[in-house]
Each structure stands twice: as structure tokens, then as C-alpha cells.
Amino acid sequence: MSQLRSVIRGCGAYLPERILTNQDLAKLIDTTDQWITERTGIKQRHIAAEGELTSAMGTAAARQALKHAGIDAQDIDLIVLATSTPDQTFPATAVTIQAELGITHGAAFDLQAVCSGFVFALTTADNFLKGGQFKRALVIGAEAFSRILDWQDRSTCVLFGDGAGAVVVEAQMLNGAATDRGILATCLRSDGRYRDKLFVDGGPSSTGTVGHVRMDGPEVFRHAVTKISEVIDATLAQAGHKASDIDWFVPHQANKRILDGAAKKLGLDPERIIVTVDKHANTSAASIPLALSTACGDGRIKQGDLVLMEAMGGGFTWGAVLIRW
Ligand code: COA
């Protein structure tokens, strides 16, 4: 039976020019390259220049995704931006990106699910496209996370970086075959009982300030693999697939130990995991589209491949998306 499917048409990325290595950090705070590498797999991160905004990074990634898709900005009628570091409290940073791209029709809004933001944004766009309300969406993850880090807190500041990634998603009427392209299954979860395990200690209605990232690292780590595994199982079951069917596993790039743990539980060959955490660190909502763009750019992810994404972040929020590329 024919059905509307959300098909990925292209992807793009943007990374700020400045690279901050672990060795650079060791000159600023009491840490070592060895500690960071062993605990996280991170070797370096990109840092936005002064005055370089989330909207500018998101726009650059969106332009590259449009180019890769061969689609004109005027053909986009939905922009969903996942970010925890908007340019301003309001308006949504998505409308700045919309204006930068010269789009005056359709809708643009921000979505906040911290490191799970891209998975939540892609699922949101998928539902709008499948429902027939919009035809082509830009789903973007963009973060200037360096701006909300406490650079005196070595337990958090070594973990994050800045950047943006984007995908163009198009509603296509397909014939319902098992080999059809598009988003096959999505699964989102949240549990606010854990909201104080990873949070920012400021905000418009509480302190009137932006605040800084605070995290109970071991507690986040303790929950990560179990929660991620549960949502992956639910997503695969929804689509009638097994872990062994997956061509590429594109996890949120928080920590090499967490993503290896999830892949091991799935029984996946390490060659099938897309890893960028070593070069980008944790770019929160931008990490999955940055990884997608890397793996599409170097020819690993190809049309027809089965791609599984997952993420977990503050809230806690977590989720997974299964796509036939
Ligand atoms: N450099 C050197 N030492 C550091 C350090 C750093 N950057 N950060 C913390 N330490 C020290 C601590 O002070 C502590 O010292 P102590 O034993 O003398 O008190 C020691 O290292 C161990 O700290 P702990 O927090 O228990 O380390 P850990 O093994 O749990 O590793 C994380 C810390 C953050 C790497 C780990 O908990 C983690 O990866 N958590 C998940 C974080 C994450 O991915 N969050 C994002 C989710 S979206």
C-alpha cells in the first residue's frame, strides 16, 4: 500500500575554524590528554569564534545540506532547529536561519531536548511530513556549547564542543515495500525525575542569567547504555528489523565508552559505528548530523543503507531513529 515517507535528500555540516586540543586544555586547567582520552575518547573540539552565533553555524550547515540535496531554499517549507544554545531567549534561532536563507513561507521553530535534540527534531519533522502538512524540511542541530561551559570546571568543560549539522528531508509517496527509502521507525522518551543530573544552572524564569552546564557524570554514565539499548530495541521492533540488519550505527557522540557499550550490547561490528567524538567532542544536538555528514561525505553511508541513530541527554531525554538512507 502506498504511503508518505520522509526521505533524506542531503546532509551538511559546519565546524568553527578554531580547534582546541586536549594539550591546549591541559595548559588552562588541571587535566591531561591521557585522562580525557581514556575516559571519553575525545582528542580535540572546535570552538566558535567571538561573535560567531548558533544561527550562523546552523545556516552554514543548512546551505551545505541544500547544495548536497540539489534543492533550492525556496522549496523548503519547514525548519526545525534543535539547540540548547539559541542566539537569544526569543525569537527562535530557527527564524534567523529562515531569514538568512531568504525563506518567507512555511514555518520555523526551535526544539529543546539537549543532546537528544536532533533525534527529537527529526521525529517531529517526520510526523509533519508523513501527515502531509509540509513537503520539505530542514532539520538542523546547531550549538555554541562553549558559551555555557564553566571553563573552571574540568569535569565538564573538557567534554563539549561547537558546530552544526543539517539534513534535508522530503515527503515522498512510496509503494510501501520493505526496501522503500525513508524514516522507518522513531522512538522518543523522557523522564524528568533525572533533570538535576545534567542541567544548566540559569534561565530566564529562574535566575535571569544564561547559566553554566552542571553534570553528575557518573550518574549520566550509569543510565546511558541501558536507556539507549531499550529505545534501540523498541525502534528496531517497530520496523521489524534486527540489529544484524544495521549497516551503520550513528550514535550521539558524547563519549566513546558509552557508544562502544551500546554497540556491544547490540552485537555490532565496531567497523559499522560512525565515530567523530575524537575530533568534535560532544556537540550536543549537532553531533548526529555532523557524524552523518562525515560518513556521507567519505562514502561510507550510501543510498539504500539501513542507518540507526540514537541519543541520550539532559532531562533525561533519549530516543532512536531508523532510516533506510
Ligand atoms: N581531568 C583530570 N581529572 C579529572 C577531570 C579532568 N578533566 N575531570 C574529573 N577528574 C577527576 C575527578 O576530580 C575525580 O578525582 P578524585 O577521584 O580525586 O575525586 C576523578 O577524576 C574521577 O572522577 P569521576 O567523575 O568519578 O570520573 P569518571 O570515571 O566517572 O569519568 C566522565 C567522568 C564525565 C568522563 C564520565 O562520568 C562520563 O563520561 N559520564 C557521562 C558524561 C556524558 O557523556 N555526558 C553527556 C551526555 S549527553
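The values are calculated or read from the model by the stated rules, or taken from the named source; none is laboratory data. If you're wondering where the values come from, they're calculated on a predicted model, not measured in any experiment. Here the Cβ is made from the backbone with ideal geometry for all residues, glycine too, and neighbour counts use every protein chain on show.
Observations on the structure shown:
- Only one of the numbered conditions (1) within 16 Å of the ligand (Cβ to nearest atom); (2) assigned to a loop (DSSP other than H, G, I, E, B) is violated by Ile258, and that is (2).
- The residue that is farthest from the ligand (Cβ to nearest atom), among those in segment 190-219 that are part of a helix (DSSP H, G or I) and in contact (Cβ under 8 Å) with a residue 40 or more places away in the chain, is Gly192.
- For segment 48-58, the set of residues classified as surrounded by 24 or more Cβ atoms within 10 Å (Cβ to Cβ) and either under 22 Å from Gln253 (Cβ atoms) or not assigned by TED's automatic domain parsing to the domain that holds Arg9 (or both) consists of Ala48, Thr54, Met57, Gly58, listed by residue number.
- Every residue from segment 17-39 that is more than 8 Å from the ligand (Cβ to nearest atom) and either free of Cβ contacts under 8 Å to residues at least 24 places away in the same chain or part of a loop (DSSP other than H, G, I, E, B) (or both): Glu17, Thr21, Gln23, Asp24, Ala26, Lys27, Asp33, Gln34, Thr37, Glu38
- Residues of segment 40-59 satisfying the condition of being closer than 24 Å to Ala92 by Cα and assigned to a loop (DSSP other than H, G, I, E, B): Ala48, Ala49, Glu50, Gly51, Glu52, Leu53
- Scope segment 128-154; condition of a type in the set (S, T, N, Q) and touching a strand residue (DSSP E or B) at 6+ places or on another chain (Cβ under 7 Å); matching residues: Ser146
- Residues (in a helix (DSSP H, G or I) and in contact with a helix residue (DSSP H, G or I) (Cβ under 9 Å, 6 or more places away or on another chain)) located in segment 100-131: Glu100, Val114, Cys115, Ser116, Gly117, Phe118, Val119, Phe120, Ala121, Leu122
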